[in-house]
Amino acid sequence: MLWGIVFAAAVAAGAWRARALTPDGAVAAWLVGSATFGAGGWPAAVVLFAFFIPSALLSRIGSARKHALADAGKHGPRDARQVFANGGVAAVCALLASHGGAVFAAAFAGAFAAAAADTWATEIGVLSPQRPRSILTLRPVATGLSGGISAAGTGASIAGAAVVALCASATGVAPFAPVVLAGIAGSLADSAIGAALQALRWCPQCERACETNPHVCGSPTYLHRGIAWMDNDAVNLAATLGGASIAGLLFLATGG
């Protein structure tokens, strides 16, 4: 357990120095990493890295274009809320799996597969020249706003889930099929919840929808659609919980 805590601290500190995490994000990553390393050892650590390392690298691709998406939510280093939204469910599942529950090991991998699928979809999808469409209505939506899907983003989502599932299978944490399917389903759930329930705000000065308050122009925004407290972090948490649940159910349904 001690080596896991020390190693998690070193990784979190390195990510903070590389500006992949904010200071509070680094603390949150240390807690998630400590739970994962301490409970699941190196096999679980490999699954965590399969999510974290590619996600951090992808966030740096096309950073100028991503920062120019003024209507979308958070950019830049991940803060504590983002870290817990993406890794909190997996950390809890890792702790439960350490007591001998193979189904929770599958849920652990499924949570990270969903987080990876969603992150890859977002980081690659916003760079596509193709305008995204709402997953619910198929109408065009602004690039970067939640609920939009594109061919590039969907392909990236499948790839992200597959990378985590391959690592989970190779290390013996969980079988490939339940994890990859759970990851893809979690990402689709993220888009659907984002389109239906996530708070979408309106900037009266710019006369356009956004996800921030105030808008990048400085004007206060008001709720246009959705649930006020349902921000991107809440949607990500729901998606990882969905990925964990689906992976666990599929694991049980296939007899492990």
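The values are calculated or read from the model by the stated rules, or taken from the named source; none is laboratory data. This one's a predicted model, so the numbers in the text were calculated from it and none came from an experiment. All Cβ positions, even for glycine, are placed from backbone atoms using ideal geometry, and neighbour counts span all protein chains on display. We work out accessible area using only protein heavy atoms, side chains counted, and drop any ligands, DNA or RNA first. Shrake-Rupley method; radii C 1.70, N 1.55, O 1.52, S 1.80 Å.
Which percent of the accessible area of region 113-256 is formed by carbon and sulfur heavy atoms (probe 1.4 angstrom)? Carbon with sulfur: 65 percent of the solvent-accessible area.
Start at zero, step by 5 Å, and the Cα-Cα distances of region 109-149 spread as 6, 26, 25, 20, 14, 7, 1 percent across the bins.
Rolling a 1.4 Å probe over the protein heavy atoms gives the chain an accessible area of 45 Å² per residue. Amide H contacts of LEU21 (H built 1.01 Å from N, in plane; Pro and chain starts excluded): TRP16, ARG78 sit under 5 Å, all sequence-distant by 5 or more or on other chains.
For the chain, the alpha carbon convex hull comes to 112 Å³ per residue, rounded to a whole number. How about region 1-67: which trypsin sites (Lys or Arg not before Pro) there lie in a loop by DSSP and see at most 16 other Cβ atoms within 10 Å? Of the trypsin sites (Lys or Arg not before Pro), the ones in loops of region 1-67 whose Cβ has at most 16 other Cβ atoms within 10 Å are ARG19.
By the Cβ distance rule (another cysteine Cβ under 4.7 Å), the unpaired cysteines of the chain are CYS93, CYS167, CYS210, CYS217. The heavy atoms of THR154 present about 60 square angstrom of accessible area, all protein chains included, probe 1.4 Å. Only Cα pairs within less than 10 Å get springs; with that Gaussian network setup on the chain, which residue of VAL83, VAL216, VAL235 has the largest fluctuation? Among VAL83, VAL216, VAL235, the largest GNM mean-square fluctuation belongs to VAL216. With Cα atoms defining each centre, region 110-140 and region 176-221 are spaced 10 Å apart in the structure. Counting Cα-Cα pairs of region 172-240 in 5 Å increments starting at 0 gives whole-percent bin shares of 4, 18, 20, 15, 14, 10, 7, 5, 4, 3, 1.
Rounded to the nearest whole angstrom, the semi-axes of the ellipsoid equivalent to region 78-229, taken from the Cα gyration tensor as √(5λ), stand at 32, 18, 12, largest first.
Using a probe of 1.4 Å on the protein chains alone, the accessible area found for SER34 is around 10 Å².
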